[in-house]
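Visitor: First the structure, then my questions, so here it is.
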Amino acid sequence: MAPIHSPFPVRESGHLQVSSIHSIYYEDCGIATGVPIVHLHGGPGEGTVDSDRQYFDPTHYRSILFDQRGSGKSLPSASLDDNTTWTLVADIEALRKHLEIEKWIVFGGSWGSTLSLAYSQRHTERCIGLILRGIFTLRREELEWFYQKGADRLFPDYFEPYKACIPEAERGDMIKAYYKRLTGDDEEEKLKCAGAWSTWESSAVELIVNREYIKKAENPKWALACARIECHFFVNAGWMRDGQLIEEAYKIKHLPIIIVQGRYDVVCPAKTSWDLYQALGGKENSNVEYSVIADCGHSAHENKIEEALVDAAEKFKALKM
């Protein structure tokens, strides 16, 4: 498997006004005449980082990266207004049209895989194929595993501070309790809860706890945007019926799809990627490749996950567009 590509500069960047409220920041990278591929970041609310563009060979791909509503350099920061799964799907289409791209490969991990599925199921004709990692489909059982009860049995020491922010009487629905505080008027409590939420998430993303990565949660702007937007999407079930993205997988089973999954992913356990794989036809569907990385967790930046994602992008070079 190949390592990520060496750093390379952004060719063009800008902001696209997608509503009366929101302006999304985007980057257009690689070769202008290359095969288009759009990168959908996680969270929701995390924003892109410079290394995200390094999965894509700049001599072959025209890679498009953008910060979703309320995230990263998009404005206004941490805004929940008019910020839903379906407004984000509309933004992807608006960006495609703005950049005059007919079709593109869709690349996303974690929440980015959720958004990739939602977009591709609604705009299948605009997709060349999908590269997905750490599958998350926003089913209630997936949310409860990580934020309520399940993952806490593996990381009880890191779960404790997250739990401690909520009074015992409200711990029956931790997401709802956090949402109340993250959208409340008490600024001190809001920042405290944003930090606790983001620290809990950051603790469990890699197979071996990465204390340097956890420090990201010490940045109040990043923590607040991530926690508020995530909680907003989760408490509203993504504005989808439970299980919708798995049920409607048949719409995209004709597309080439590569799924990369860490065996010991605690944030988005392998069961979800397996459910998606089966819904796409499993072993009977030669269009779909399901790759489980034996000694990795959730993060896209664990070495073997990175290599698998670069390898997936390399395999797509062989497709006839």
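Visitor: I'd like to check something: does segment 1-16 contain any residue that is within 21 Å of Lys221 (Cβ to Cβ) and at pLDDT 95 or above?
Guide: Within segment 1-16, the subset within 21 Å of Lys221 (Cβ to Cβ) is 13, 15.
Restricting the remaining residues to those that are at pLDDT 95 or above gives 13, 15.
Yes, segment 1-16 has at least one match.
Visitor: Can you name the strands (runs of 3 or more DSSP E) wholly within segment 1-119 that have at least 2 residues being without any contact (Cβ under 8 Å) to a residue 60 or more places away in the chain?
Guide: Details: elements: 10-17, 23-30, 35-40, 61-66, 104-109.
Fully inside segment 1-119 and qualifying: 10-17, 23-30, 61-66.
Visitor: Also, quick follow-up: Hey, any hits in segment 43-51 for a residue that's closer than 28 Å to Gly238 by Cα, surrounded by fewer than 18 Cβ atoms within 10 Å (Cβ to Cβ) and not β-branched (Val, Ile, Thr)? Please lay out each step first, then the result.
Guide: Taking segment 43-51 and keeping what is closer than 28 Å to Gly238 by Cα, we get 43-51.
Those still in the list that are surrounded by fewer than 18 Cβ atoms within 10 Å (Cβ to Cβ) too: 49-51.
Adding the requirement that they be not β-branched (Val, Ile, Thr) leaves 50-51.
For segment 43-51, residues closer than 28 Å to Gly238 by Cα, surrounded by fewer than 18 Cβ atoms within 10 Å (Cβ to Cβ) and not β-branched (Val, Ile, Thr): present.
Visitor: Lys315 - would you say it is more than 18 Å from Tyr162 (Cβ to Cβ) and in contact with a Pro (Cβ under 9 Å, 6 or more places away or on another chain)?
Guide: Working: more than 18 Å from Tyr162 (Cβ to Cβ): yes; in contact with a Pro (Cβ under 9 Å, 6 or more places away or on another chain): yes.
So Lys315 fits the description; yes.
Visitor: Given the conditions (1) buried (at least 21 other Cβ atoms within 10 Å of the Cβ); (2) outside the structural domain of Thr84 (by TED's automatic domain parsing), which single one is not true for Leu245?
Guide: (2)
Visitor: Within the bounds of segment 146-158, is there any residue that is within 17 Å of the chain's Cα centre (by Cα) and either more than 22 Å from Ile214 (Cβ to Cβ) or assigned to a helix (DSSP H, G or I) (or both)? Spell out the reasoning first.
Guide: Our first condition is that a residue be within 17 Å of the chain's Cα centre (by Cα); within segment 146-158, this holds for 146-147.
Subsequent filtering for residues that are either more than 22 Å from Ile214 (Cβ to Cβ) or assigned to a helix (DSSP H, G or I) (or both) retains 146-147.
Yes - at least one qualifying residue is present in segment 146-158.
Visitor: Here's another thing I want to ask about it. Answer yes or no: is there a residue in segment 248-257 that is closer than 22 Å to His60 by Cα and either within 17 Å of the chain's Cα centre (by Cα) or hydroxyl-bearing (Ser, Thr, Tyr) (or both). Full working, then the answer.
Guide: Kept after step one, since they are closer than 22 Å to His60 by Cα, are these residues of segment 248-257: 255-257.
With the extra rule that they be either within 17 Å of the chain's Cα centre (by Cα) or hydroxyl-bearing (Ser, Thr, Tyr) (or both), the set shrinks to 257.
Yes: one or more hits.
Visitor: A further question on this structure: So, in segment 1-25, exactly how many residues are farther than 18 Å from Asp311 by Cα and either surrounded by 23 or more Cβ atoms within 10 Å (Cβ to Cβ) or of a type in the set (A, V, I, L, M, F, W, C) (or both)?
Guide: In the first step, residues of segment 1-25 are kept if they are farther than 18 Å from Asp311 by Cα; the result is 8-25.
Next cut, either surrounded by 23 or more Cβ atoms within 10 Å (Cβ to Cβ) or of a type in the set (A, V, I, L, M, F, W, C) (or both) only: 8, 10, 16, 18, 21, 24.
So the answer is 6.
Visitor: Does Ala237 satisfy the condition of being more than 26 Å from Phe316 (Cα to Cα), surrounded by fewer than 17 Cβ atoms within 10 Å (Cβ to Cβ) and within 16 Å of the chain's Cα centre (by Cα)? Please lay out each step first, then the result.
Guide: Details: more than 26 Å from Phe316 (Cα to Cα): yes; surrounded by fewer than 17 Cβ atoms within 10 Å (Cβ to Cβ): yes; within 16 Å of the chain's Cα centre (by Cα): yes.
Considered against the rule, which asks whether it is more than 26 Å from Phe316 (Cα to Cα), surrounded by fewer than 17 Cβ atoms within 10 Å (Cβ to Cβ) and within 16 Å of the chain's Cα centre (by Cα), Ala237 comes out as yes.
Results for (1) farther than 17 Å from Tyr55 by Cβ; (2) touching a strand residue (DSSP E or B) at 6+ places or on another chain (Cβ under 7 Å); (3) not hydroxyl-bearing (Ser, Thr, Tyr), shown as yes or no for each residue.
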| residue | (1), (2), (3) |
| --- | --- |
| Ser202 | yes, no, no |
| Ile214 | yes, no, yes |
| Glu218 | yes, no, yes |
| Cys226 | yes, no, yes |
| Arg241 | yes, no, yes |
| Pro256 | no, yes, yes |
| Val267 | yes, no, yes |
| Glu284 | yes, no, yes |
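Visitor: Then there's this: Just checking, does segment 283-299 include any residue being over 18 Å from the mean Cα position of the chain (by Cα) and part of a helix (DSSP H, G or I)?
Guide: The answer is yes; a qualifying residue exists.
Visitor: Does segment 265-282 hold any residues that are free of Cβ contacts under 8 Å to residues at least 40 places away in the same chain and more than 21 Å from Ser120 (Cα to Cα), and which are they?
Guide: Correct list: Ala270, Lys271.
Visitor: Here is a follow-up. Which number in (1) among the acidic types (Asp, Glu); (2) exposed (fewer than 15 other Cβ atoms within 10 Å of the Cβ); (3) closer than 28 Å to Lys271 by Cβ marks the one condition that Asp185 misses?
Guide: So the condition that Asp185 fails would be (3).
The values are calculated or read from the model by the stated rules, or taken from the named source; none is laboratory data. All values reported here derive from a predicted model rather than from experimental measurement. With ideal geometry, Cβ positions are generated from the backbone for all residues, glycine too; neighbour counts draw on all protein chains shown.
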